[in-house]
1. Identify, please: which residue in segment 188-208 is of a type in the set (Gly, Ala, Ser) and free of Cβ contacts under 8 Å to residues at least 60 places away in the same chain and is, among those, farthest from Ser257 (Cα to Cα)?
2. So, of the residues in segment 98-112 that are under 17 Å from Val72 (Cβ atoms) and open to solvent by 60 Å² or more (accessible area, probe 1.4 Å), which turns out to be modelled with the lowest pLDDT?
3. Quick check on my filter: what residues within segment 55-75 are among the hydrophobic types (A, V, I, L, M, F, W, C) and either at pLDDT below 95 or open to solvent by less than 50 Å² (accessible area, probe 1.4 Å) (or both)?
4. Give the residues of segment 1-52 that are outside any strand (DSSP E or B), touching a helix residue (DSSP H, G or I) at 6+ places or on another chain (Cβ under 8 Å) and surrounded by 15 or more Cβ atoms within 10 Å (Cβ to Cβ), sorted by residue number.
5. When segment 53-101 is examined, which residues are found to be under 22 Å from the mean Cα position of the chain (by Cα) and in a strand (DSSP E or B)?
6. With respect to the numbered conditions (1) open to solvent by less than 60 Å² (accessible area, probe 1.4 Å); (2) out of contact with any strand residue (DSSP E or B) (no Cβ under 8 Å at 6 or more places or on another chain), which one is the sole condition not fulfilled by Asp78?
Amino acid sequence: MGGIIGIESIIYGVEDLDQCVRYFEDFGLHLSARADREAVFELEEGSSVLIRPLADAVVEGQKLTGFGVQQVIWGVRDQKNLDRLVARLRNVTDVAIDADGTARFLDCDGIAMGLRIYDKRTIWGAPEPVNSYGNVQRRNANRKWRVKANPKTIQHVVFHAPDPEASFAWYRDNLDFRLSDIQEGIGVFARAPGTNDHHNLYWLRADLPGLTGATRFNHANFGVEDIDEVMVGANYMERQGWKKSSWGLGRHRIASSIFLYLPCPAGGEAEYGTDSDSLDDSWVPRRWSWLFGTMSFMHNLQPWILEEVPWEVDFVEGYAPAKPVAPHPDQAADAAVKAGGVEAGAALPNPTHGKLLAAGKAMTESQK
């Protein structure tokens, strides 16, 4: 897979650098460098989290407001892909190339982004075997004991945007992002073309009730191994005095992922995530009722979802295969077959299928 292969780094603009360093160390990230006005955390996949005072992280011309992630640097596999994407971007936005080769630009929403060659490492997990009725995978052995979480990947970032579908179209047309799912009236999920993550970007409507309408950072998702690590991380953070999650542990229907969002002093929330769907280009995007897609379970049910919601989900128009199936070019237009299992008037894909169906029907008749 070419093009963008994931998030290479995110750059936070914060109010209290010392407090945010302590937070992310407790959260489970590895601090690799610290200076007066910057801290750098490195994850096992090779990605980084940089924390700077807000004034140092803000990019001239950006439209983001508030604390949180101010820049996202996307990783590409090689110089060839980097050059190709930069050439396309220059048709729609200004691109500046740093001395280290990083290409920096503002997207359609005025959010600062970048592209950089990324030596992304594959992470191998060893989730604990699960016992279930009649299917014992772990005998005479305890599950893994952990002290705290150890996130190894940055899976996605989320921003409030004025028009999520327009934001996705810009990333699709200029950076080859793939549509994953649409949460009706709420937001759009998309993945970078060189990943199998369900999504690497989610745009949330900025004018939803409770939001200000401004373009701003919402949260970043950090990948852990399993549900045990999510909860060990949550318990460790609480013991260190950090605020608890308002929703608690849950699983989204969209992406099937386990989630736990924690308030973050660096801005927005920091999410422990695991067990998300893995997609490739054969995936057909869904359009979900926003309530139905939000969760299949949530530890602390919120007032707006106390009532059971209807099961509402469908394929996104234009992505699902067309129906009925068109006839084979060599098949006569009136060569439709009426038989069990084939809708009356529906053309079969090619003449061979018609012959096989007719032969099977004749054999069935002879055996009566």
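1. Ala206
2. Among them, the one singled out is Asp100.
3. Ala57, Val59, Leu64, Val69, Val72, Ile73, Trp74
4. Gly3, Asp26, Phe27, Gly28
5. Gly68, Val69, Gln70, Gln71, Val72, Ile73, Trp74, Gly75, Val76 - these are the residues of segment 53-101 that are under 22 Å from the mean Cα position of the chain (by Cα) and in a strand (DSSP E or B).
6. Failed condition: (2).
The values are calculated or read from the model by the stated rules, or taken from the named source; none is laboratory data. Predicted model, so just to flag it, every value in this text is computed and none were measured. With ideal geometry, Cβ positions are generated from the backbone for all residues, glycine too; neighbour counts draw on all protein chains shown. Surface accessibility is based on the protein's heavy atoms, side chains included, excluding ligands, DNA and RNA. Shrake-Rupley method; radii C 1.70, N 1.55, O 1.52, S 1.80 Å.
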